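*Asks:* Handing you a structure now.
The values are calculated or read from the model by the stated rules, or taken from the named source; none is laboratory data. All values derive from a computational prediction rather than experimental measurement. With ideal geometry, Cβ positions are generated from the backbone for all residues, glycine too; neighbour counts draw on all protein chains shown.
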Amino acid sequence: MSVITIIGAGMMGSALAFPARENGHTVRLTGTPLDREIIENCRKFDQHPKFDRKFPSGVEYYHFEEVNTALQNSDLIICGVSSFGVEWFAENVLPLLPAGIPVLSVTKGLLDQEDGSLICYPQFWQKKLDQLGKDNELCAIGGPCTSYELVAHDQTLVAFCGKNMATLHKLKAMMTTGYYHIITTCDVMGVESAVALKNGYALGIALTIGENFKRCGKNELHYNSQAAVFLQASREMHRLINMLNGGIDTLFVGIGDLYVTVYGGRTRQVGILLGEGYSIDEALAKLQGVTLESLVVAGRVAKALRRKAELGLADPADYPLLMHVDSIVSQGKPVDIPWEKFASYA
């Protein structure tokens, strides 16, 4: 069996302790400096405060000042930080990595560059590893999976992506269980862009739920509008992933992730509030303490598209749903879904 060290005690990183430990591996859940209360709770109750069941017996818990101990003899490092911790992970964890140990990241997002290009987090971290002269392989997880349903052992299918298929096969063998199933692919940018983009688009779909709650009350459900925006989201994701040189198979990974995010993710909550008429500031105030990568992703991709437009390389009008979501979350504009732009989309 192997030693798996998870750094970042957020919900998804912590959820991976379940299949890892159930497969017999030594699992060391290590908090960031922001996770002290979580780690203390885990030590006291063997349970993450956001989960409704205890960790499998034998999971070990470490504060970040104990990270060097947690990293000793590790065979795999799982990065469990949120998108807001990407630079922190680069500066505080990558320099400490033992030589040759692969990193598997659950962190989803994209970074916009000055030329309007977008890079994924493994690409960003690779630059840091190159500066450090380190040889660690960077892999990532994407696909339709919410942390609490993984903890509940609901049947789950995700993708592990990385540059080396042999490494991916090893990671798959380490993590696969009877309920956690894994696709492997070397299309890193395809997977990472697909699962990042779905966050912003899921918010767009959730707007329709809030609008219908406002119009009809919460006892009357409507799905035409949700499905219509889901259709448009899929079209725009396809166009964006093509622009980023991702493959069609990885688009499907993002579409699956889009579905589960609309119906079970935190992004759904803010989208509903916005659709009900709350401003972005009011919605965030109501959801205090909730981490929302969707807001970051929408803004970064919209910014990149505007820069590409300045260079004559893209037209933001080709992404009416994304640009509308950005206008809501970045500029505070009210919800006004551009239905006719969807109807004339080419």
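*Asks:* Report, ordered by the first and then the second residue, all pairs with beta carbons closer than 6 Å, sequence separation of six or more or different chains, a first member in the range 69-84 that is among the polar types (S, T, N, Q), and a second member that is buried (at least 23 other Cβ atoms within 10 Å of the Cβ) and part of a strand (DSSP E or B).
*Replies:* Ser74/Thr5
*Asks:* Given the residues Val27, Val59, which is the only one that is of a type outside the set (Ser, Thr, Tyr) and farther than 24 Å from Asp135 by Cα?
*Replies:* The match here is Val59.
*Asks:* What's the number of the condition Phe84 fails, among (1) under 22 Å from Ala194 (Cα atoms); (2) surrounded by 20 or more Cβ atoms within 10 Å (Cβ to Cβ)?
*Replies:* (2)
*Asks:* Being farther than 22 Å from Gly13 by Cα and touching a residue at least 12 places away in the same chain (Cβ under 8 Å) is the filter here; which residues of the range 129-151 pass it?
*Replies:* Leu132, Lys134, Asp135
*Asks:* Which of (1) surrounded by fewer than 18 Cβ atoms within 10 Å (Cβ to Cβ); (2) under 29 Å from Asp115 (Cα atoms); (3) touching a helix residue (DSSP H, G or I) at 6+ places or on another chain (Cβ under 7 Å) does Leu311 not meet, given it meets every other one?
*Replies:* (3)
*Asks:* Right, another one. Just to be sure before I move on: is Ile280 farther than 29 Å from Phe160 by Cβ and touching a Phe, Trp or Tyr at 6+ places or on another chain (Cβ under 7 Å) in the structure I sent?
*Replies:* no
*Asks:* Give the range 98-121 a look and list any residue that's surrounded by fewer than 17 Cβ atoms within 10 Å (Cβ to Cβ) and in contact (Cβ under 8 Å) with a residue 60 or more places away in the chain, or say none.
*Replies:* Gln113, Glu114, Asp115, Ser117, listed by residue number.
*Asks:* Restricting attention to the range 19-69, and to residues there that are in contact with a helix residue (DSSP H, G or I) (Cβ under 7 Å, 6 or more places away or on another chain) and among the small types (Gly, Ala, Ser), which single residue is nearest to His181 (Cα to Cα)?
*Replies:* Ala20
*Asks:* Now a separate question. Just name the residue that is farthest from the chain's Cα centre (by Cα) out of those in the range 87-97 that are buried (at least 18 other Cβ atoms within 10 Å of the Cβ) and either in a loop (DSSP other than H, G, I, E, B) or touching a residue at least 40 places away in the same chain (Cβ under 8 Å) (or both).
*Replies:* Result: Leu97.
One line per residue, one yes/no per condition, for (1) within 17 Å of the chain's Cα centre (by Cα); (2) among the aromatic types (Phe, Trp, Tyr):
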{"position": "Phe55", "(1), (2)": "no, yes"}
{"position": "Gly58", "(1), (2)": "no, no"}
{"position": "Tyr61", "(1), (2)": "no, yes"}
{"position": "Glu66", "(1), (2)": "no, no"}
{"position": "Gly85", "(1), (2)": "yes, no"}
{"position": "Pro102", "(1), (2)": "no, no"}
{"position": "Gly109", "(1), (2)": "yes, no"}
{"position": "Glu114", "(1), (2)": "no, no"}
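This table checks each residue for (1) out of contact with any Leu (no Cβ under 8 Å at 6 or more places or on another chain); (2) under 17 Å from Gly10 (Cα atoms); (3) at pLDDT below 95.
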| position | (1), (2), (3) |
| --- | --- |
| Glu66 | yes, no, no |
| Leu71 | no, no, no |
| Ile78 | no, yes, no |
| Phe89 | yes, yes, no |
| Pro102 | no, no, no |
| Ser105 | no, yes, no |
